[in-house]
1. Considering only residues of region B:69-84 that are open to solvent by less than 30 Å² (accessible area, probe 1.4 Å) and in contact with a Ser or Thr (Cβ under 7 Å, 6 or more places away or on another chain), which is nearest to the other protein chains (Cβ to nearest Cβ)?
2. Enumerate the pairs (first residue in region A:135-154 and on the phi < 0 side of the Ramachandran plot; second residue anywhere and open to solvent by 20 Å² or more (accessible area, probe 1.4 Å) and outside any helix (DSSP H, G or I)) with beta-carbon separation below 9 Å, excluding pairs fewer than 6 apart on the same chain, so at least 6 apart or on different chains.
3. Residue A:44 fails exactly one of the following numbered conditions: (1) surrounded by fewer than 20 Cβ atoms within 10 Å (Cβ to Cβ); (2) over 28 Å from residue A:152 (Cα atoms); (3) modelled with pLDDT of 75 or more. What is the number of that condition?
4. Only residues in region A:191-208 that are within 8 Å of another protein chain (Cβ to nearest Cβ) and charged (D, E, K, R) count as the first member; pair them with residues that are part of a helix (DSSP H, G or I) and surrounded by fewer than 19 Cβ atoms within 10 Å (Cβ to Cβ), Cβ under 9 angstrom, at least 6 apart or cross-chain, and list the lot.
5. Go through region B:11-59 and give me each residue that's more than 10 Å from chain A (Cβ to nearest Cβ) and over 29 Å from residue A:209 (Cβ atoms).
6. Could you give every pair whose Cβ atoms fall below 9 Å, whose first residue belongs to region A:84-110 and is touching a residue at least 12 places away in the same chain (Cβ under 8 Å), and whose second residue is of a type in the set (Lys, Arg) and open to solvent by less than 20 Å² (accessible area, probe 1.4 Å), counting only separations of at least 6 or pairs across chains?
7. Name the residue that is most open to solvent (accessible area, probe 1.4 Å), counting only residues in region A:131-167 that are at the interface with chain B (Cβ under 9 Å from one of its Cβ atoms) and at pLDDT 80 or above.
8. Residues in region A:103-125: is at least one open to solvent by less than 50 Å² (accessible area, probe 1.4 Å), under 34 Å from the mean Cα position of the chain (by Cα) and either at pLDDT below 60 or among the charged types (D, E, K, R) (or both)?
Amino acid sequence: MRKPLILLEVIKRLIILVVFWTLINDLFYSVFSGRLLTNLARIFSLPFSEDVLVSFLVMAASLLALLTLITSNYGLYVATSAAMLLTQVPDISTLSLIIFGLMGLFLTDTYVTSTRHKRSVKVFVKGSRIYYFIVSAIFVVIAFLTTYFTTLYLNLFTSFTSSIPATSTLRVFGLFLGVNPVGRALLILVAIPAFMKLSLSFVDAVAYFIIPNPTLAKSELSSAARFDREIRYPFYTLMSFIFTLYMAPPSYYSLRYLMMEVLPWTSAFIGSIVGGSPYATLLPILAEVLFFFVLWGLLSYVTRFFRGYVNNKLIAVFVFLATFFFAITYFSSLDMNEFLSVVYFRYYRDFLLVGELLLQITGFVP
Amino acid sequence: MSYYFKLLVLFLEVLVLKVRIKKWYVYMVFAAASFILSVVFLLWSVYYMSNAMVGTSFLTALAGFAFLASSVQALKITAYVYSVESGAGSEARKES
C-alpha cells in the first residue's frame, strides 16, 4: 500500500516540474552563471525601471516554483502560476500547461485520498486489466478536453478584449484585460478556479457512472445534496455598497436642499465654524465622501437583518421604493430620469476630483 | 406559478411511476438542457465582447457559467441516482 502513494507523490512532483520547467531551469542557470547576484544588485539600485521589475518577477517566480516543487502545495502552485503569467504575455501553450497541471494534481490527489481510506470505502472495478486502462484513459481524455475547452474560451475572451475598436470609450478597459499582464492574470486567475471546481464535479459524476456505488451514493444524496436550502442571493457582502451607490446622491442632495432652503440657520451655523479655514472650497467634496461612508455603514447595519436570504420584507421594500419613485414622477412636473442623471453625475464627478487630488498629493500626477 | 409547478411534478410522477422510465433520465434531461443553455450563453458573451459591449459580455458570461454549474450539479445528482438505481436492480436480482 505504501509504494503506490510514494509513486503518486513522485507523479505530482513530475507534473509540477514539467509545468514550471522553464522557471526552474532559469533559476539553476542564473545561480551557476552568477547572473543571480547581478540581478539582485540591480533590484536594490534606486532607479527603478520596468526591466528591473520583470527580472525581479522572474526571480520570485522561479523561487516560488522551486518551493512548489518541494512542497507540492496548491496555494504555492497558484502563486507561482500568477507570477509566471505576470512575467510574460501568456500564449496558449503556457496557459493550457498550467490548467492541465492543476487538473492532473487534483486527479492524483483525489486518487491518493481514495486509496488512503480504502478500508472504510470499498471501491473496486470489476473486470480484467484492460478495463483499468480504459478507465484511466477516459479520465486522461476528460482532463485533456476540459483543459482544451477552458483554454479555448479564455483565449477567445482575451483576444476579443484587445480587438475593441479605437473609437470606443471602453478601449482602455479592454486593453487592460487583454494586453496588460496584471489584468490578463486577474481575468485568468478568476476564471480558472471556477472552471476547475466544475470539472472536478464532472469527473466525480463520470466516476459514479463508470463504477456505480449505491451505498456511497445514498449517503451522498442524504447528506451533501440538500434541496430544502433557502436561496442565498449573490453579492450579499457587496449589497450594502451597491445600495449606497444608488441611494447616496439623491439623499445627499435632498439633505443639502433641506439645510440650505428649509433650515437656513444650520448652514449659517456650519458656515460660522468652517468659514475661516483655507480649505473651504474642498469641504463640500469632503462632506460628500464622508456622507457616502456614513450611509454605507448605516446600510450595512440595516442589510444585516436580511441575513442574505430572499424574503418577503426585502421584496416589500423594493416594491415600496419603486411605487414611491413612480408616484413622484407622476405627480410632479420633474423629468425624473434627467434630474437623477444630473444628480448622479455631479456627485460622482466630485469623487473623481478627490481621486485626482489624492494622486496629486502622493506625487503620481503633476 | 405553483399550479404549473404542481402540474410538472405530476407529469414527472406519471412518467416515472406509470410509464416506468428510469428516474435518472429526468435529471439527465435537465442537465443536458442547462448545458445547452450554458454553451449558448458563453458563446453570446464572446460575441458581445467582439462587439465591444464589455458589461453585457461579462453579465452573459456569468449567466452562462451559472447554467454550466447547475448542469454539472444536475449531472452529479444523476450519477448518484443512477448508481442507487443500478444497485437496487442488482440487489433485486440477487434476491430472486
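1. The residue in question is B:72.
2. A:135/A:125; A:135/A:211
3. (3)
4. From region A:191-208, the pairs are A:204/A:110.
5. Of everything in region B:11-59, those that are more than 10 Å from chain A (Cβ to nearest Cβ) and over 29 Å from residue A:209 (Cβ atoms) turn out to be B:44, B:56, B:59.
6. From region A:84-110, the pairs are A:104/A:12; A:105/A:12; A:108/A:12; A:109/A:12.
7. A:156
8. yes
The values are calculated or read from the model by the stated rules, or taken from the named source; none is laboratory data. Since we're looking at a predicted model, the values are computed, not measured. Cβ atoms come from the backbone with ideal geometry, glycine included; neighbour counts cover every protein chain shown. Ligands, DNA and RNA are excluded from the accessible area calculation, which covers all protein heavy atoms including side chains. Shrake-Rupley method; radii C 1.70, N 1.55, O 1.52, S 1.80 Å.
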